[in-house]
Amino acid sequence: MKTTYIKTDPFAPDEGAIREAAECIKHGGLVAFPTETVYGLGADSFNPDAVKKIYLAKGRPSDNPLISHIAHMDEAMKLTDYVTPDAKKLMEAYWGGPLTIILKRKSGVPDIISAGLDTVSIRMPSHSIANMLIRLAGTPIAAPSANLSGSPSPTTFEHCKKDMDGRVDMIIDGGECSIGVESTVVDMTGEVPVILRPGAVTLEDIVSVCGKGIYGGEYADAPKCPGMKYVHYSPDAEVFAIADTENFKAEMKGDNVGVITYEKYRDKAEGCRFLSAGENDNDYAARLFYLLRRADEEGIKTVFASLPENKGMGTAIRNRLLKAAGGRVI
Ligand code: AMP
Ligand code: MG
């Protein structure tokens with residue numbers, strides 16, 4: 001398949017260009033587009049044949065459900081019959097933004113977006129290009145991250161293109177994604193909000209709005225978030241998470257050893273390739289996937305990466321990094 005490219009400024013999106021992409025979605029095509037979290041690979045949520053093409057383009061297992069993206073809060077009613085009072089509060093507090101809310105699926109919503117589950121996951125992004133695309137398409141857009149299954153999610157147009165060229169109808173180049181890790185996924189179908197995937201909206205944020213909430217993620221006995229059981233975020237390089245950066249000393253040196261750490265620890269990368277996580281965990285989140293891919297591009301074979309503290313954005317980075325490292329912590 002020949003992929004068409006559109007470039008537009010996220011701060012002044014070109015409606016004519018985005019209308020072309022929206023037409024493509026309406027006609028059952030696949031469009032990769034930027035969001036504030038990562039690049040997404042979108043199709044019309046209500047067109048099962050189009051959604052099937054997402055799974056094929058990514059090589060995604062068919063039991064891993066997709067998030068439907070909407071441009072206006074009321075559009076949630078296309079996907080669910082009932083928005084719980086707490087879910088409504090979360091929507092008002094954090095939409096548009098990096099929060100995905102799981103609710104009961106409405107009848108008539110295709111099985112394939114939910115991989116057969118009786119729930120549906122919904123997010124309203126804040127990114128201007130994403131929002132304009134959804135609005136012009138006039139339908140919720142099902143979109144997982146626009147990477148080949150198993151690779152780090154793309155946070156730049158170049159990385160999106162690398163995985164999706166020839167596999168999708170269109171890619172919108174809207175520059176870099178500001179947050180850099182995927183949305184927080186919270187299950188609102190029970191008594192208590194359960195975070196199934198940590199992201200930029202934290203457990204504290206959810207508790208501050210709902211007065212309750214737990215982190216279900218990795219600690220749940222039976223993972224409710226089907227995506228959790230698969231290999232994730234793995235570059236070709238072997239990744240090790242550094243538990244105690246203060247006392248870390250790279251045993252291996254050379255250009256093919258990379259160290260991802262904060263600016264304040266750059267001396268820990270002496271004799272290795274320093275890959276900067278920036279000053280804080282917001283910087284780190286925005287760069288993690290980029291740097292894992294960059295490491296491969298530079299022929300780096302081993303990556304050591306600082307494990308952040310388990311709070312705020314650090315929780316989301318830890319979750320992605322531990323998966324990228326396949327649990328290897330030093
Ligand atoms: P991605 O689209 O690549 O960001 O992945 C979406 C994540 O949300 C995956 O880990 C899915 O397993 C999870 N997810 C999506 N829909 C549901 C749902 N209805 N119930 C539980 N988890 C979901
Ligand atoms: Mg993904």
For residues that are open to solvent by less than 50 Å² (accessible area, probe 1.4 Å) and in a helix (DSSP H, G or I), tally how many sit in the stretch 204-221.
4
Residue among 113, 122 that alone is assigned to a helix (DSSP H, G or I), touching a residue at least 24 places away in the same chain (Cβ under 8 Å) and over 19 Å from residue 18 (Cα atoms):
113
It is to be established whether one or more residues within the stretch 128-139 are in a loop (DSSP other than H, G, I, E, B) and under 17 Å from residue 296 (Cβ atoms).
no
Look through the stretch 63-84, keep the residues that are within 12 Å of ligand 1 (Cβ to nearest atom) and out of contact with any Lys or Arg (no Cβ under 7 Å at 6 or more places or on another chain), and return whichever of them is nearest to residue 118 (Cα to Cα).
65
Please tell me if residue 79 is over 16 Å from the mean Cα position of the chain (by Cα) and within 16 Å of ligand 2 (Cβ to nearest atom).
no
A careful count of residues in the stretch 95-108 that are in a strand (DSSP E or B) and open to solvent by less than 30 Å² (accessible area, probe 1.4 Å) gives 5
For residue 135, state whether it is touching a helix residue (DSSP H, G or I) at 6+ places or on another chain (Cβ under 9 Å), open to solvent by 10 Å² or more (accessible area, probe 1.4 Å) and away from ligand 2 (no atom under 16 Å from the Cβ).
yes
Considering each of 36, 20 in turn, give the residue that is in contact with a Ser or Thr (Cβ under 9 Å, 6 or more places away or on another chain), within 18 Å of residue 170 (Cβ to Cβ) and surrounded by fewer than 24 Cβ atoms within 10 Å (Cβ to Cβ).
20
Please work out which residue is farthest from ligand 1 (Cβ to nearest atom), limiting yourself to the stretch 134-150 and to residues that are among the hydroxyl-bearing types (Ser, Thr, Tyr) and touching a strand residue (DSSP E or B) at 6+ places or on another chain (Cβ under 9 Å).
139
When every residue in the stretch 76-87 that is touching a residue at least 60 places away in the same chain (Cβ under 8 Å) and charged (D, E, K, R) is compared, the one nearest to residue 61 (Cα to Cα) is 78
Inside the stretch 169-188, can you point out the residues that are among the hydrophobic types (A, V, I, L, M, F, W, C), part of a strand (DSSP E or B) and either buried (at least 24 other Cβ atoms within 10 Å of the Cβ) or within 16 Å of ligand 1 (Cβ to nearest atom) (or both)?
171, 172, 185, 186
Going residue by residue through the stretch 20-40, is there one that turns out to be modelled with pLDDT of 95 or more, acidic (Asp, Glu) and within 16 Å of ligand 1 (Cβ to nearest atom)?
yes
Of residues in the stretch 151-168 being away from ligand 1 (no atom under 13 Å from the Cβ) and assigned to a loop (DSSP other than H, G, I, E, B), the one surrounded by the most Cβ atoms within 10 Å (Cβ to Cβ):
168
For residue 49, are the conditions met, namely being touching a residue at least 40 places away in the same chain (Cβ under 8 Å) and away from ligand 2 (no atom under 16 Å from the Cβ)?
no
Some residue of the stretch 88-103 being free of Cβ contacts under 8 Å to residues at least 24 places away in the same chain and away from ligand 2 (no atom under 16 Å from the Cβ)
yes
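Results for (1) open to solvent by less than 20 Å² (accessible area, probe 1.4 Å); (2) within 16 Å of ligand 2 (Cβ to nearest atom), shown as yes or no for each residue.
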| position | (1), (2) |
| --- | --- |
| 110 | yes, no |
| 113 | yes, yes |
| 119 | no, no |
| 124 | no, no |
| 141 | yes, yes |
| 145 | no, yes |
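The values are calculated or read from the model by the stated rules, or taken from the named source; none is laboratory data. Quick caveat: nothing in here was measured; it's all calculated off a predicted structure. Virtual Cβ from ideal backbone geometry, glycine too; neighbours counted across all protein chains shown. These area figures cover heavy atoms from the full protein model, side chains too; ligands, DNA and RNA do not enter into them. Shrake-Rupley method; radii C 1.70, N 1.55, O 1.52, S 1.80 Å.
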